[in-house]
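Here the structure comes first, spelled out in C-alpha cells, and everything after it is commentary.
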Amino acid sequence: MARRTQLSIESRSEPWGVVLALRGELDMATVPQMERELAQAAKGGPAMIVLDLRELDFIDSTGLRTLLAEHERSRESGRELALVRGSRQVDRLMTITRVADHLRIVSSPEEILA
C-alpha cells in the first residue's frame with residue numbers, strides 16, 4: 001500500500017512579511033498545497049516571505065523545484081524569500097543539490113531582523 005504524505009502549513013504575518021511554517025513532507029503530492037499557500041502569502045505584496053523548514057521531515061526534487069521557482073517569482077516581484085534551516089535530511093539534500101547556494105538560509109525567523 002502506498003504511503004500517504006502529509007503537509008501542514010501555518011501562516012503568520014509579521015511587520016516585515018509573512019512566515020510559512022512547514023510541517024511534514026514537501027513532495028509531489030503536497031506541492032500543490034504549498035503553491036496555494038505561497039500565492040496566498042504573496043497577496044498584499046509583503047516585502048519578504050520566510051519558509052520555516054525546521055519541522056519539515058522530507059523534501060523531494062519537486063519540492064526543491066518549487067522553492068527555486070518561488071525564489072525566482074519573489075525576485076521578479078521585488079520581494080525577498082528566505083528559508084529557515086531544516087532538518088539534517090533537508091539541509092543535506094539542499095547542500096548536495098546546491099539549491100542552498102541560490103537561496104538565503106537563516107537559522108531562525110528572528111535572524112531576518114538582525
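Computed from the coordinates by the stated procedures, all read-outs in this text should not be read as laboratory data. All values derive from a computational prediction rather than experimental measurement. In this analysis, Cβ positions are derived from the backbone assuming ideal geometry, glycine residues included, and neighbour counts consider all displayed protein chains.
Considering only Gly44, Gly17, Gly86, give the residue with the highest GNM mean-square fluctuation for the chain, with springs between Cα atoms whenever their separation is below 10 Å. Looking only at Gly44, Gly17, Gly86, the biggest GNM fluctuation is shown by Gly44.
Out of all DSSP beta bridges in the chain, what portion is antiparallel? Express it as a percent rounded to 5.
Taking every DSSP beta bridge within the chain, about 35 percent pair in antiparallel fashion.
For the chain, the dipole from Cβ point charges (+1 on Lys and Arg, -1 on Asp and Glu) about the Cα centre works out to 160 debye, to the nearest 20. Sparse packing (at most 13 other Cβ atoms within 10 Å of the Cβ) combined with a DSSP loop state is found for the following trypsin sites (Lys or Arg not before Pro) in the stretch 4-99: Arg4, Lys43, Arg98.
Please report the equivalent ellipsoid semi-axes of the chain, computed as sqrt(5 x eigenvalue) of the Cα gyration tensor, largest first, in whole Å.
Equivalent-ellipsoid dimensions as semi-axes: 21, 16, 13 Å.
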